[in-house]
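The values are calculated or read from the model by the stated rules, or taken from the named source; none is laboratory data. Computed from a predicted model, the values in this text were never measured in an experiment. Neighbour counts run over all protein chains shown; Cβ positions are idealised from the backbone, glycine included. Surface areas here come from the heavy atoms of the whole protein model, side chains and all, with no ligands, DNA or RNA. Shrake-Rupley method; radii C 1.70, N 1.55, O 1.52, S 1.80 Å.
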Amino acid sequence: MGNKFSTSPDIIARTAANKLAALVKKKGRFQYRYDAATGERLSGYNILRHCGSIWSMAEAASEIRAPAKLLSTCRLALDYLFRNCLRHTGAADIQCVVEKDMTKLGGNGLAILALLACHRQSPDKSLLGAAGDLGRYILGEMRPDKDFHHKRSFPGGQLQEFRSGYYTGEALFGLARLYEVTGERVWLDAALKSELALASRDYGVEEQSHWCLYAIDSLHQSEPFPELYEHGRRIVEHIIEYPAYRDRNLSTPTACRSEGMLAFLRMARRADIAADRAFRERCLAEVEENLRLQLQFRRPDGAFVEGGGKSRVRIDFIQHNLSSFLDYHRLVRAGGI
């Protein structure tokens, strides 16, 4: 493997991270979206994407020789989260992420990722403590079938009917990362219990869930159960066999599949199953084709537009493309598949 793109993937990721950082305003809130063609600022906000963008910036900072400026911007955005969205549920050691009087499971998972990524770069007990508080909230949302409740009102706690195809994977990834950082088995045991039950039901396969693949890769790194590998493989098989997402000509759906397949390739590299070598090569080829497609949405300043003939930029468009190029760069640096 070598650099197969006109611009190195690490440079693409770095400029995307710097663009996200430039969109963080003085009080820590992002300029959430705008029109790249006209410069017009567009309304809207989503705290889940706020957290996901911090996470991707902090991950990119780990690849930069002088990451102080990028990390200070991450911390500014985290301060916004602390001030405006982290709320205690009534228990002293349980917090949740609240926006518009609602708490969403996925927001708590992504906030954990953001907090821990920043803590890893610059250790801070307050960040680690808040991540644990959010983890305890997620544990309390596990259902008898080992999936999770997805949305509640706050502070009343009334359960909402809303379900997302992303939230369970985000929550599991957050729990898996908590174990990686703290070594506390409570996080790993809960996440494994949920994931293995979900794997038996092919959760996330038809949805082509990249967040599930992130979680599976992280869990497999701690406990290399064959059931985890096979679940991840089934999700990737579906991505490869049903590439209709490309027909939409949108940057984010393509980037998300790239992220998911790269998570699988990390796991597959560790597992090193000889019979799966051809499948790994096919998966890598699909990733590289996706990344080529994603480049058409990139702007010189590091931003990524929506696609489909639209010039809108939103922070999560940048986040997902950043993460996919960053993960590809890491795979190449590690020696490929």
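Give me the residue from the range 112-145 that is out of contact with any strand residue (DSSP E or B) (no Cβ under 6 Å at 6 or more places or on another chain) and not in a helix (DSSP H, G or I) and, out of that set, least open to solvent (accessible area, probe 1.4 Å). So the residue we want is D124. Can you tell me how many residues within the range 292-337 are out of contact with any strand residue (DSSP E or B) (no Cβ under 8 Å at 6 or more places or on another chain), assigned to a loop (DSSP other than H, G, I, E, B) and among the charged types (D, E, K, R)? Qualifying residue count for the region: 1.
For the range 176-207, the candidate set comprises residues that are assigned to a helix (DSSP H, G or I), open to solvent by less than 20 Å² (accessible area, probe 1.4 Å) and among the aliphatic types (A, V, I, L, M); within that set, the residue that is farthest from D147 (Cα to Cα) is L178. Candidates are the residues of the range 26-37 that are touching a strand residue (DSSP E or B) at 6+ places or on another chain (Cβ under 8 Å) and assigned to a loop (DSSP other than H, G, I, E, B); the one that is nearest to I315 (Cα to Cα) is Y32.
Across the range 285-294, the qualifying residues are those that are without any contact (Cβ under 8 Å) to a residue 60 or more places away in the chain and among the hydrophobic types (A, V, I, L, M, F, W, C), and the one among them that is least open to solvent (accessible area, probe 1.4 Å) is V287.
For the range 43-70, the tally of residues that are modelled with pLDDT of 95 or more and not in a helix (DSSP H, G or I) stands at 4.
Scanning the range 208-236 for residues that are at negative phi and either open to solvent by less than 30 Å² (accessible area, probe 1.4 Å) or free of Cβ contacts under 8 Å to residues at least 12 places away in the same chain (or both) yields a count of 19. Screening R298, R270 for residues that are surrounded by 14 or more Cβ atoms within 10 Å (Cβ to Cβ), more than 23 Å from E207 (Cβ to Cβ) and not β-branched (V, I, T) leaves exactly one candidate, R298. For R280, state whether it is open to solvent by 40 Å² or more (accessible area, probe 1.4 Å) and either assigned to a helix (DSSP H, G or I) or under 19 Å from S323 (Cβ atoms) (or both). No, not satisfied.
Checked against the criterion of being open to solvent by 30 Å² or more (accessible area, probe 1.4 Å), in a loop (DSSP other than H, G, I, E, B) and in contact with a helix residue (DSSP H, G or I) (Cβ under 8 Å, 6 or more places away or on another chain), the range 14-24 has no qualifying residue.
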